[in-house]
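Undergrad: Okay, here's the structure, questions in a sec.
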Amino acid sequence: MASLSTTTIPPPITTRRTFSIRAQALTRSEPDPELPSTSSSIAESEKLPITTVAVRNDRTRRIAMEVEKQKAKEAKERKEMVNRKIASKKAVSVILRREATKAIIDQRKKKGPTNSKKLLPRTVLEALHERITALRWESALKVFELLREQLWYRPYAGVYVKLIVMLGKCKQPEKAHELFDAMVDEGCVLNCESYTALLSAYSRSGLLDRAFSLLEEMESTPGCQPDVQTYSILIKSCLQVFAFDKVQSLLSDMAIRKIKPNTVTYNTLIDAYGKAKKFSEMESTLVEMLADRDCQPDVWTMNSTLRAFGNIGQIETMERCYDKFQTSGIQPNVQTFNILLDSYGKVEDYKKMSAVMEYMQKYHYSWTIVTYNVVIDAFGKAGDLKQMEYLFRLMRSERIKPSCVTLCSLVRAYARAGKPEKIGGVLRFVENSDVLLDTVFFNCLVDAYGRLECFAEMKRVLEMMQQKGCKPDIITYRTMIKAYSFKGMKSHAKELKELLATVQRPPLRRHKPDF
């Protein structure tokens, strides 16, 4: 980390624009070389040495050339602007025609008897693609139904696969299976990709028993043998519910079928083992990955390794890994620096945090909302409210919308500093913004007012939650009960304990699926 040795806080990152005004300034200050201005200037030039006159003539000639270039450039820009306006006028008519066709798609019930089956292929496919990208699964299925009614429609497995993948992301596995059956009924040839898409839909919803049954079906279906992507999806789903025994079974099955893990498989394993603090398994997986010449580590491998050691405070090990990955030619990205900032913040090493911040600015790494949330929280915990507020203003000036994580960091910092009036400023910001609030933010607010013994404000948080459509959970009531009990307000605590009995408790841990 020798390259991150500076300690000063970087100034705000601003965007500077430079304008070519040299020629314009010269045209105002210098005379035209072709038109002598006054007789006095001629007389003065006659008194000057020949070399001085030659230099002046050469200078005025260069100025004239620059002026001509500037004029030509401005004329070219004017011409391009006119051409753009003409092109935009032509494009408007095309756009309007397409929007008129899309209106038929969006108003499915109003379609006519003939034109609904003669829509332009490009327009319908564009409408379908837009809805798939936006994960608007209900609207996408309606457009797909309209697509199948077109006179020019022919079944295509690729469209089905995209829809199934979308439904998997939207946690709609049964709808995905219906499309899979429709694809079979329309005569599309099943392959590994289509099966993997359906398997992914079930695994994303935690239905791993259904996903494993599909894996068995793939193994017995000719031309649909599972590949490395199929296994990688299942391995990731098992790791998310800590089913490490099933992961080993899948890896053994891959070895028997001679399916080699790829970079995604290894990165998934390394990241999961690191989060579970299984460092021996993480290290052995990394060694196995390094031994595979066809599967080299990348920046995601580096980030997973750094995060694993940074989360448990092993900063020296994290820095050694960082240096080794860089030596092997892997360059860091913004996520890498976010991990470094978070790790240094957890051990309160603000000197190195500042060094990373300056390094990011020096080499033009644009800050993300994660970057701002990490540094705002770190300086808030350090009690440096001035720097925290400066970073919050900088975040807004960069047009990065704060999240509930940002607001929670501000509220906690002001509570620790004993400044309830500052928390009121955060609430005023919330009222004038469109930040989507959640129960976690309100619980943070309840805890802050409880620590500050502002019990009237703490009680009003429940009213705010009701106005925002958020329901208090078990943490909300327990936090309030703790605050009341600490001050000996037994009647208030007893009232909340009665409400606590009616609140549904969340599951203590995620259960493994029933295989």
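Undergrad: Report in % the part of the accessible area of the stretch 266-389 that belongs to carbon and sulfur, leaving out ligands and nucleic acids; probe 1.4 Å.
TA: Here carbon and sulfur together make up 49 percent of the probe-accessible area.
Undergrad: Now a separate question. Under 1.5 on a/c is rounded, so check that first for the stretch 395-515, then, if it is not, pick prolate when a/b is larger than b/c and oblate when it is not; a ≥ b ≥ c are the square roots of the alpha carbon gyration tensor eigenvalues. Don't jump to the answer; show the numbers that get you there.
TA: On the way: a/c = 2.02, a/b = 1.16, b/c = 1.74.
Cα axes put the stretch 395-515 in the oblate bin.
Undergrad: A further question follows. Distance from the Cα centre of the stretch 453-507 to that of the stretch 243-296, in angstrom?
TA: Using only Cα atoms, the two centres lie 45 Å from each other.
Undergrad: Could you report the accessible area of Val356 in Å², rounded to 10, computed with a 1.4 Å probe on the protein chains as they sit in the structure?
TA: Estimated to the nearest 10 Å², Val356 gives 0 Å².
Undergrad: Follow-up. Grab the other residues whose beta carbon is less than 15 angstrom from that of Cys188, score K and R as +1, D and E as -1, and report the net.
TA: Values: positive: Arg148, Arg154, Lys162; negative: Glu178, Asp181, Asp185, Glu186, Glu193.
The answer is -2.
Undergrad: Counting alpha carbon pairs within less than 8 Å and at least 6 residues apart, what relative contact order, in whole percent, applies to the stretch 371-515? Intermediate results must be reported in sequence, preceding the final value.
TA: Values: 134 pairs, mean separation 24.1, N = 145.
Worked out over the stretch 371-515, it gives 17 percent.
Undergrad: While we're here: If you average the alpha carbon positions of the stretch 140-160 and of the stretch 313-332, how far apart do those two centres end up, in angstrom?
TA: 50 Å
Undergrad: Continuing with the same structure: Using only the Cα atoms of the stretch 168-217, build the gyration tensor, take square roots of its eigenvalues as a ≥ b ≥ c, and label the shape rounded, prolate or oblate: rounded if a/c is under 1.5, else prolate if a/b is larger than b/c, else oblate.
TA: Details: a/c = 2.18, a/b = 1.42, b/c = 1.54.
Verdict is oblate for the stretch 168-217.
Undergrad: Pairs of alpha-carbon atoms within less than 8 angstrom and 6+ residues apart define the contacts here; what relative contact order does the stretch 258-312 have, in percent?
TA: 42 percent
Undergrad: Tally Lys/Arg at +1 and Asp/Glu at -1 over every other residue whose Cβ is under 15 Å from the Cβ of Trp300; what's the total?
TA: Values: positive: Lys236, Lys275, Arg307; negative: Asp271, Asp298.
Summing Lys/Arg as +1 and Asp/Glu as -1 gives +1.
Undergrad: Okay, next question. With labels modelled as points extended 7 Å from the Cα through the Cβ direction, what inter-label distance (nm, one decimal) is found for Val67 paired with Gln240?
TA: 6.9 nm
Undergrad: Once R0 is set to 60 Å, what does the formula 1/(1 + (r/R0)^6) return for the Cβ-Cβ distance between Arg399 and Lys258, expressed as a FRET efficiency to the nearest 0.05?
TA: Working: r = 51 Å, r/R0 = 0.86.
Taking R0 as 60 Å, the efficiency between Arg399 and Lys258 is 0.70.
Undergrad: What's the extension gain from Arg122 to Glu178 if we count 0.36 nm per residue and subtract their Cα-Cα distance?
TA: Full extension of this stretch gives 17.6 nm more.
Undergrad: Continuing with this model, one more query. Could you work out how far apart the two model spin labels at Arg154 and Lys487 are, taking each label as a point 7 Å from the Cα in the direction of the beta carbon, and quote it in nm?
TA: The modelled label-to-label distance comes out at 7.5 nm.
Undergrad: Excluding Leu290 itself, calculate the net charge of residues whose Cβ lies under 13 Å from the Cβ of Leu290, where each Lys or Arg counts +1 and each Asp or Glu counts -1.
TA: -3
Undergrad: What is the list of residues in the stretch 458-477 whose amide nitrogen lies under 14 Å from a point 7 angstrom out from the Cα of Glu495, following Cα to Cβ?
TA: Backbone N within reach: 458-463.
Undergrad: Using protein chains only and a probe of 1.4 angstrom, how many square angstrom of Glu463 are accessible, to the nearest 10?
TA: 110 Å²
Undergrad: Let me ask something additional. How much length, in nm to one decimal, is gained on full extension between Asp58 and Thr327, taken as 0.36 nm per residue of separation minus their Cα-Cα distance?
TA: Residue separation times 0.36 nm, minus the Cα-Cα distance, leaves 91.5 nm.
Undergrad: Could you give each residue of the stretch 149-166 its phi-based ³J(HN,Hα) in whole Hz, using Karplus coefficients 6.51, -1.76, 1.60 with θ = phi - 60°, and x for Gly or Pro?
TA: 8, 5, 5, 8, 5, 10, x, 9, 4, x, 5, 4, 4, 4, 5, 5, 4, 4
Undergrad: For Val435 and Lys459, what is the calculated FRET efficiency with R₀ set at 22 Å and r taken between the beta-carbons, to the nearest 0.05? Kindly include the intermediate steps, with their values, before the conclusion.
TA: Numbers: r = 23 Å, r/R0 = 1.04.
Taking R0 as 22 Å, the efficiency between Val435 and Lys459 is 0.45.
Undergrad: Could I ask something else about it? Name the shape class, rounded, prolate or oblate, that the alpha-carbon gyration tensor gives for the stretch 138-275, where a ≥ b ≥ c are the square roots of its eigenvalues, rounded holds for a/c under 1.5, and otherwise prolate holds if a/b is larger than b/c and oblate otherwise.
TA: It is prolate, given that a/c is not under 1.5 and a/b is the larger ratio.
The values are calculated or read from the model by the stated rules, or taken from the named source; none is laboratory data. Everything numeric in this text was worked out from a predicted model, so none of it was measured. Cβ coordinates were reconstructed from backbone atoms using ideal geometry, including for glycine residues, and neighbour counts include every protein chain displayed. Ligands, DNA and RNA are stripped out before the accessible areas are found, and what is left, the full protein with its side chains, is counted by its heavy atoms. Shrake-Rupley method; radii C 1.70, N 1.55, O 1.52, S 1.80 Å.
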